[in-house]
Amino acid sequence: MREGHFERKTSETEVDVEVKLDGKGNSRAKTGVKFLDHMIKTISTHSLIDIDIKAEGDLVHHLVEDAAIGLGEALKKALGDRNGIRRFGSSIVPMDCSLAIVAIDLVKRPYCVIDLKVEGREIGDTKTEDIYHFLNSLASSLEANFHVQVQYGENDHHKIEAAFKALALSLRQAVSIDQRRKGTPSAKGAI
């Protein structure tokens, strides 16, 4: 089974993350940030990646950032050399009034474009700027291209949740094994 573990302790946070790429979507998220826990569980449920994350620290911003770094590093370890994976994933997800489009490439070149069209400053206990920071930090630590765009919506919670569901479905595609592929999913012969 493709699994990854990452733990880190700094003067600001302590994070411990375990993932199983070929899981069932089981999750346990205990970051102390309710909206972040909700989004991590959303990723797990729809990607079918088992995620167990524990984080504690001084500030919400630091917890959000380090949870993203930890999740990205654990996923990167689980992917190994990335041979045999589909590499690309994309999804369009509606959620009530919102529509989100996500495309990702697990190419080992971090790049992130995010447009959530969020209007408020906070969603529950999380600043919306921290949601952007979570996605950027996740893409960077995973060494992936993320293009996350909300097309429209009236409710900020629904916009963000649609984006995370689309990200999860895109990850599910990209990390999956392509039975026809032998070796590296690149014409260069290396990612």
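Using only the alpha carbon atoms of the chain, find the Kirkwood hydrodynamic radius as the inverse mean reciprocal pair distance, in angstroms to one decimal.
Computed over Cα pairs of the chain, the Kirkwood hydrodynamic radius comes out at 16.4 Å.
Whole-Hz ³J(HN,Hα) for each residue in region 60-72, computed from phi via Karplus 6.51 cos²θ - 1.76 cosθ + 1.60 with θ = phi - 60°, x for glycine and proline: what do you get?
For region 60-72, the Karplus curve yields 4, 4, 5, 5, 4, 4, 6, 5, 5, 4, x, 5, x Hz.
Between Y152 and S11, take the C-beta separation as r, use R0 = 35 Å, and let me know the FRET efficiency to the nearest 0.05.
0.25
Mind checking which of S90, G183, L171 is farthest towards the positive end of the chain's charge dipole, using Cβ charges of +1 (Lys, Arg) and -1 (Asp, Glu) about the Cα centre?
Farthest towards the positive end: G183.
Under a 10 Å cutoff between Cα atoms, tell me which one of R109, R86, R181 has the largest fluctuation in the Gaussian network model of the chain.
Highest fluctuation among the options: R181.
Given an 8 Å cut-off on Cα distances and at least 6 residues of separation, report the relative contact order of the chain as a percent.
Across the chain, relative contact order equals 26 percent.
Could you work out the helix-only [θ] at 222 nm for the chain, with each DSSP H run of four or more residues adding -39,500 (n - 2.57) and the total divided by the number of residues, to the nearest 500 deg cm²/dmol?
After summing the helix terms and dividing by the residues of the chain, the value is -12000 deg cm²/dmol.
Just to be sure I understand the model, the point goes 7 Å from the Cα along the line to the Cβ. What's the resulting D58 to R180 distance in nm?
Result for the modelled spin labels: 5.3 nm.
Taking square-rooted eigenvalues a ≥ b ≥ c of the alpha carbon gyration tensor, is region 22-90 rounded, prolate or oblate, where a/c under 1.5 means rounded and, failing that, a/b exceeding b/c means prolate?
Here region 22-90 falls in the prolate category.
Taking 24 Å as the cut-off for C-alpha to C-alpha distance, list the pairs among K54/K165; K20/K54; K20/K117 that go past it.
Working: K54/K165 21 Å; K20/K54 15 Å; K20/K117 32 Å.
Check vs 24 Å cut-off fails for K20/K117.
Residues in region 5-41, backbone N under 19 Å from the label point at H133 (7 Å along the Cα-to-beta-carbon vector): list them, ranges by number please.
Once the point is set 7 Å along Cα→Cβ of H133, 8-16, 30-40 turn out to lie under 19 Å by backbone N, inside region 5-41.
We did not get these values from a lab; they are worked out from the coordinates using the rules stated. The model shown is predicted, which means the values in this text are computed figures rather than measured ones. Don't worry about glycine lacking a Cβ; one is built from the backbone with ideal geometry, like all the others, and counts go over all protein chains shown.
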